[in-house]
Amino acid sequence: MKSEQENIVQTLTPNKRTPIIEIKDLHKSFGNNAVLKGINLTVNKGEDLVILGRSGEGKSITIKCIVGLVIPDKGNISVLGEEIIGLKRNELNKIRVKIGFLFQSGALYDSMSVRENLEFTLRRYSKQLSTQEIETEIIDVLESVGLADAIDKMPSELSGGMRKRIGLARTLILKPEIILYDEPTTGLDTITSKEISELIVDIKQKRKTTSIIITHDMSCAKLTADRVMILKDGIIHAEGKYKELEKSKDEWVRSFFI
Amino acid sequence: MPILYLKNTFTDIGDATLFTKKFFKEVFIPPYETKEFFKQCYLIGYKSLPLVALTGFIMGLVLTLQTRPTLATFGAESWLPGMVALSLIREIAPVITALICAGKISSGIGAELGSMKVTEQIDAMEVAAINPFKYLVVTRILATTLMVPLLVIFADAIGILGGYAGITIHSDVNAYRYISQVFQSLGFIDIIPATIKTFFFGFFIGMIGCYKGFNAANGTESVGKAANSAVVTASLTIFIIDMLAVQITDLFF
């Protein structure tokens, strides 16, 4: 009876185990410095994977490989069922519009206002939308990050936390299926960090996105992670739920949770 | 050490050649960034007008004042309008205006793109499926290629006006007579080769600024280096192009 019930649950949630991102044997070196030495990971649909590791372990390089910003030396990367290595720009761009990327600094276009930052991307990929519809989309997405009143501000007028929120809004405006966060709370105070972490959780719940979050902030990891991976010496050293890793007997793993 | 320097120089020239090749490949492929191109034309052309006007006027004025005593020695003061016009149009206005543009525009582009690179704005464009080369580089190179010749023509006109101001300091010359003498001394052979070379000046000013900025290393220090290197390289390139242009003009005309 119980197994029958489990079968029903599995049928009702068929995407639970659908791999969205699959990385196999990923290698990347810069000169003589081998950063990635055979990374293997899978992220399933609707899952938030947190990657931890010391600076320079290749966490950011890994997610930059996923969007084609860095070309790996060896290995395979499949995103939404398509192998991305070797794709031409046009083919890669079709996948890129389904991936949002939040940069460490927010990476807002300095010469454009907040409205123009959001409009710039949206106009290119939603040509059927009228000016009024674009305006509505922009206000909606700004409201979702709690910054609707910053619409006419320039990036130089925004605080670090606001820049990250606007960066996130710019990421969300194309309604991505996957979001890659590169150290979303770095350089922010504790309260703002918590707000950003809660925003990540909120986005996942409301938009059903799949995410990879690179962070050093353990409270962010605790709040957002469905699963945690720890990188060491260019490979995955440990993997599991936050609470499992917290109790790990491995000294290196435990050092992250102190 | 000199071998390493030579190796780096040749590597840089090779990379710049590939960058230029990429420009010619991307420039013809749609979509065309028309709005950004016109914005850059406005920023590069219109915003440089006051600077070019001021330097153009001073060029004409100083050239007249410096040349007058020598011509007066030989009793050839009447040649002054023609001589000033020829010097300005064939050489001085194109080179000085191009050097000013190298200082203002090439360094500006180098610093702007360098800062965008360092703050990951170029990467942000790339991951948003926007071609940053097409949006940032192609538009700027096209704008400088078109705007620098127009700025030089403007500097020519203002320079001739400055020459008239210089002449009227010492003698009372009718403006109509001055302009007539200027046009009598000029032929298409003076104007066309001088204008053609300004397109090359404009192209290289844009290309070098974009190349230096787009390839800036990480870190804020590299933004300053990109801007500085853009000015030095663009200025040197202007002199090299000018030397080649004069040789070619000499051969064919």
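Computed from the coordinates by the stated procedures, all read-outs in this text should not be read as laboratory data. Please read all numbers here as calculations on a predicted model, not as lab measurements. When we count neighbours, we look across all protein chains shown, and the Cβ atoms used for this are built from the backbone with ideal geometry, even at glycine.
Is one or more of the residues making up the stretch A:169-178 over 26 Å from residue B:118 (Cα atoms), assigned to a loop (DSSP other than H, G, I, E, B) and not acidic (Asp, Glu)?
Our first condition is that a residue be over 26 Å from residue B:118 (Cα atoms); within the stretch A:169-178, this holds for A:175, A:177.
Filter once more, keeping what is assigned to a loop (DSSP other than H, G, I, E, B): A:175, A:177.
Narrowing further to those that are not acidic (Asp, Glu): A:175.
Yes, the conditions are met somewhere in the stretch A:169-178.
Quick one: in the stretch A:76-118, which of the residues that are more than 16 Å from the chain's Cα centre (by Cα) and among the basic types (Lys, Arg) is farthest from the other protein chains (Cβ to nearest Cβ)? Please lay out each step first, then the result.
In the first step, residues of the stretch A:76-118 are kept if they are more than 16 Å from the chain's Cα centre (by Cα); the result is A:76, A:81-94, A:108-118.
Remaining after also requiring among the basic types (Lys, Arg): A:88-89, A:94, A:115.
Working: A:88: 12, A:89: 7, A:94: 8, A:115: 16 Å.
Step by step, filter the stretch A:76-118, then rank; the result is A:115.
Name every residue in the stretch A:66-75 that is more than 12 Å from chain B (Cβ to nearest Cβ) and closer than 15 Å to residue A:234 by Cβ, in order of residue number.
A:72, A:73, A:74, A:75
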query: Where residues in the stretch A:163-202 are more than 14 Å from chain B (Cβ to nearest Cβ) and among the small types (Gly, Ala, Ser), which of them is surrounded by the fewest Cβ atoms within 10 Å (Cβ to Cβ)?
result: A:193
- prompt: What's the number of the condition residue A:91 fails, among (1) surrounded by fewer than 20 Cβ atoms within 10 Å (Cβ to Cβ); (2) in a loop (DSSP other than H, G, I, E, B)?
  reply: (2)
- prompt: Are any residues in the stretch A:127-159 loosely packed, with under 15 Cβ neighbours inside 10 Å and either in a loop (DSSP other than H, G, I, E, B) or within 14 Å of chain B (Cβ to nearest Cβ) (or both), and if so, which ones?
  reply: A:127, A:128, A:129, A:130, A:146, A:152, A:156, A:159
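Kindly evaluate residue A:250 against the criterion of being without any contact (Cβ under 8 Å) to a residue 40 or more places away in the chain and over 14 Å from the mean Cα position of the chain (by Cα).
Yes: the conditions hold for residue A:250.
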message: Just the residues that are over 25 Å from residue A:98 (Cβ atoms), within 14 Å of chain A (Cβ to nearest Cβ) and of a type outside the set (S, T, N, Q), please, taken from the stretch B:134-170.
response: B:140
- prompt: Can you tell me which residues in the stretch A:242-258 are over 14 Å from residue A:218 (Cβ atoms) and charged (D, E, K, R)?
  reply: A:244, A:247, A:249, A:250, A:251
- prompt: List, please: which pairs have Cβ atoms under 6 Å, are six or more places apart or on different chains, and start with a residue in the stretch A:116-140 that is free of Cβ contacts under 8 Å to residues at least 40 places away in the same chain and within 18 Å of residue A:168 (Cβ to Cβ) and end with one that is of a type in the set (A, V, I, L, M) and assigned to a helix (DSSP H, G or I)?
  reply: A:138/A:118; A:139/A:148
task: State whether one or more residues within the stretch B:80-100 are within 14 Å of chain A (Cβ to nearest Cβ) and surrounded by fewer than 24 Cβ atoms within 10 Å (Cβ to Cβ).
output: no
task: Name every residue in the stretch A:204-258 that is assigned to a loop (DSSP other than H, G, I, E, B) and exposed (fewer than 15 other Cβ atoms within 10 Å of the Cβ), in order of residue number.
output: A:208, A:233, A:241, A:247, A:249, A:250, A:258
task: Considering only the stretch B:36-60, state which residues are over 16 Å from residue B:150 (Cβ atoms) and in contact with a helix residue (DSSP H, G or I) (Cβ under 7 Å, 6 or more places away or on another chain).
output: B:36, B:57, B:58, B:59, B:60
- request: Could you list, in sequence order, all residues of the stretch B:18-46 that are surrounded by 11 or more Cβ atoms within 10 Å (Cβ to Cβ), of a type in the set (Ser, Thr, Tyr) and over 20 Å from the mean Cα position of the chain (by Cα)?
  value: B:32
task: For residues that are touching a residue at least 40 places away in the same chain (Cβ under 8 Å), of a type in the set (S, T, N, Q) and closer than 30 Å to residue B:49 by Cβ, scanning just the stretch B:105-133, find the one that is nearest to the other protein chains (Cβ to nearest Cβ).
output: B:115
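If you take just the helices (runs of 4 or more DSSP H) that sit entirely in the stretch B:1-94, which of them hold at least 1 residues that are closer than 21 Å to residue B:208 by Cα?
Numbers: elements: B:2-26, B:34-44, B:49-73, B:80-87.
Helices (runs of 4 or more DSSP H) meeting the threshold: B:2-26, B:34-44, B:49-73.
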query: Among the candidates A:176, A:184, which residue alone is more than 19 Å from residue B:122 (Cβ to Cβ) and in contact with a Gly (Cβ under 8 Å, 6 or more places away or on another chain)?
result: A:176
